[in-house]
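Written below as structure tokens is the structure these notes are about.
The values are calculated or read from the model by the stated rules, or taken from the named source; none is laboratory data. Please read all numbers here as calculations on a predicted model, not as lab measurements. Ideal geometry is used to build each Cβ from the backbone, glycine not excepted, and the neighbour counts take in all protein chains shown.
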Amino acid sequence: MKVSIVTIGDEILIGQIVDTNSAYMGTVLNEIGLEIKEILTISDSEEAIFSALDRCLADTEVVLMTGGLGPTKDDVTKVSLAKYFGASMVMNEGIFAHIERYLGSKGRPILQSHKDMALVPSNCEVLQNAVGTAAAMWFEENDKILVSMPGVPYEMKDFMKRHVIPRLSKKSKKQVIHKTLMTTGIGESIIAEKIKDVESSLPDHVKLAYLPRIGGVRLRLSGSGSALDLPEQLDSYGEKIKLQLSKYYYTDEDTTLEAWLGSYLSSQGHSLCTAESCTGGNIARVLTKYAGASSFYQGSVIAYSNQLKQRLLNVSAETLENFGAVSGQTVTEMAKGALELMDTDYVIAVSGIAGPTGGTAQKPVGTVWIAVGSRKGEIVPKCFTYPGNREMVIQGTTQLALNQLRKLIFGLL
């Protein structure tokens, strides 16, 4: 079964809001073996809705629409759908009773616009909204399915979970299974070269996708069909890829490096602190955005100025004068100072030139020094040059630093 997704809203077209609905629907539909052929975003107009329906119903068996079901005059989806299918608008007492209960529980009056929300096309099956007021509508004619849902993301997701996915799952005859491999510290072109033999051996029903992001590449193996051993096939190909990328692979879970690293440190009962200059606390931010970070993360010293590097981290004035703030000597002393101050098992220290100014011929913008170390071992500094604008340098340095720690822990430095 092929699916088209149509999101309705002028606010999406002009960039006022970002269409997250399509991304969510695409993900959950793919998981039950449905092929998403296209995603359209259209304006709140009868003409646009008619055009989208003509196109989508001609090419796909299922059309999922979101938006245009509210109480205001620019919400024209219901009336347009009734006109498209040659149906009349009828009052649905169940919807109206639900709206009365919902607004009554909030102490809000019933307006004419709320009563109008209980009007629906006569040929649809009404799906009650459990977390809002606007109902969804299920149309099924000539082996084609059209589902119109509210555009509010949490309402759409509830309809997808309670109604759309269970019903479409019964109609889908093809299973799709994914296996994710997370890598870091390597680009997609190098990965492709390293695993070219494995990739060329994949059968037609197994696909490999490269999904790059700052710091690494997410590899997704997707298998489709009815073979009972499909999960085992993906595991087998996954193991072959891991063998070629052993220095760069870190988990099968679809997660970030910082989340995985935090989970690992916590499971081992190990602690971490950071000393940051050019990243301005970004390493601390990404580590602590996940619940439970306090189980492994002690804290950070954001020593942006040389004075604070000396006062809080015991970086010597001689080191700063002779080698500069952006140097292996400085980040080594920053790391030692942070370990002494916070008494953790591991430490990360960074100093660099994020730009756009401040670079020199010897140390251009994007030059960063990263030191990682442990309480029981040596401090290991290394210099990197990360290209891009200021934000890219900060984000990239964060991922480089986390990867350096990973390599230290697992003896890969």
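Which count do you get for residues in segment 23-35 that are free of Cβ contacts under 8 Å to residues at least 40 places away in the same chain and not acidic (D, E)? It would help to see each step written out before you state the result.
Here is the first cut: in segment 23-35, the ones free of Cβ contacts under 8 Å to residues at least 40 places away in the same chain are 23, 26-27, 35.
Keeping just the survivors that are not acidic (D, E) gives 23, 26-27.
Number of matching residues: 3.
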*Within segment 67-77, is even one residue under 25 Å from S169 (Cα atoms), touching a strand residue (DSSP E or B) at 6+ places or on another chain (Cβ under 7 Å) and in contact (Cβ under 8 Å) with a residue 60 or more places away in the chain?*
yes
*Could you look through segment 346-368, keep only residues that are in contact with a strand residue (DSSP E or B) (Cβ under 6 Å, 6 or more places away or on another chain) and assigned to a loop (DSSP other than H, G, I, E, B), and pick out the one that is farthest from G299 (Cα to Cα)?*
G366
*Just name the residue that is farthest from G281 (Cα to Cα) out of those in segment 302-324 that are assigned to a loop (DSSP other than H, G, I, E, B) and touching a residue at least 12 places away in the same chain (Cβ under 8 Å).*
S316
*Only one residue in G225, G238, G216 is over 26 Å from P381 (Cα atoms), surrounded by 17 or more Cβ atoms within 10 Å (Cβ to Cβ) and not assigned by TED's automatic domain parsing to the domain that holds T397. Which one?*
G238
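Does segment 356-413 hold any residues that are of a type in the set (K, R) and loosely packed, with under 15 Cβ neighbours inside 10 Å, and which are they? Spell out the reasoning first.
Residues of segment 356-413 of a type in the set (K, R): 363, 375-376, 382, 390, 406-407.
R375, K376, listed by residue number.
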*Keeping to segment 174-226, report how many residues are assigned to a loop (DSSP other than H, G, I, E, B) and either out of contact with any Ser or Thr (no Cβ under 9 Å at 6 or more places or on another chain) or modelled with pLDDT of 95 or more (or both).*
10
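Across segment 282-309, what is the number of residues that are polar (S, T, N, Q) and either more than 18 Å from D343 (Cα to Cα) or modelled with pLDDT under 95 (or both)? Step through it out loud before you land on a result.
The first filter runs over segment 282-309 and keeps only residues polar (S, T, N, Q), leaving 282, 288, 294-295, 298, 300, 305-307.
Applying the additional criterion that residues be either more than 18 Å from D343 (Cα to Cα) or modelled with pLDDT under 95 (or both) yields 282, 288, 305-307.
Within segment 282-309, residues that are polar (S, T, N, Q) and either more than 18 Å from D343 (Cα to Cα) or modelled with pLDDT under 95 (or both) number 5.
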*So which pairs qualify, if the first residue must be in segment 146-157 and assigned by TED's automatic domain parsing to the domain that holds A52 and in contact (Cβ under 8 Å) with a residue 24 or more places away in the chain, the second must be part of a helix (DSSP H, G or I) and of a type in the set (S, T, N, Q), the Cβ gap must be under 8 Å, and the two must be at least 6 apart or on different chains?*
S148/T77; G151/N21; P153/N21; M156/N21
*Go through segment 97-125 and count every residue that is hydrophobic (A, V, I, L, M, F, W, C) and buried (at least 16 other Cβ atoms within 10 Å of the Cβ).*
6
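Quickly run through segment 203-255 and pick out the residues that are among the acidic types (D, E), more than 24 Å from A401 (Cβ to Cβ) and in contact (Cβ under 8 Å) with a residue 40 or more places away in the chain. Even if it seems obvious, please write down each step before you answer.
Here is the first cut: in segment 203-255, the ones among the acidic types (D, E) are 204, 229, 232, 235, 239, 252-254.
Those still in the list that are more than 24 Å from A401 (Cβ to Cβ) too: 204, 229, 232, 235, 239.
Answer for segment 203-255, where residues must be among the acidic types (D, E), more than 24 Å from A401 (Cβ to Cβ) and in contact (Cβ under 8 Å) with a residue 40 or more places away in the chain: just D235.
Looking only at helices (runs of 4 or more DSSP H) that fall completely inside segment 55-173, which ones have 3 or more residues that are over 26 Å from L13 (Cα atoms)?
Output list reads 93-105, 112-116, 165-171.
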*Restricting the search to segment 46-88, which residues are surrounded by 21 or more Cβ atoms within 10 Å (Cβ to Cβ) and among the charged types (D, E, K, R)?*
D75, K78
*Failed item in (1) at pLDDT 95 or above; (2) over 18 Å from A136 (Cβ atoms), with T27 passing the rest*: (1)
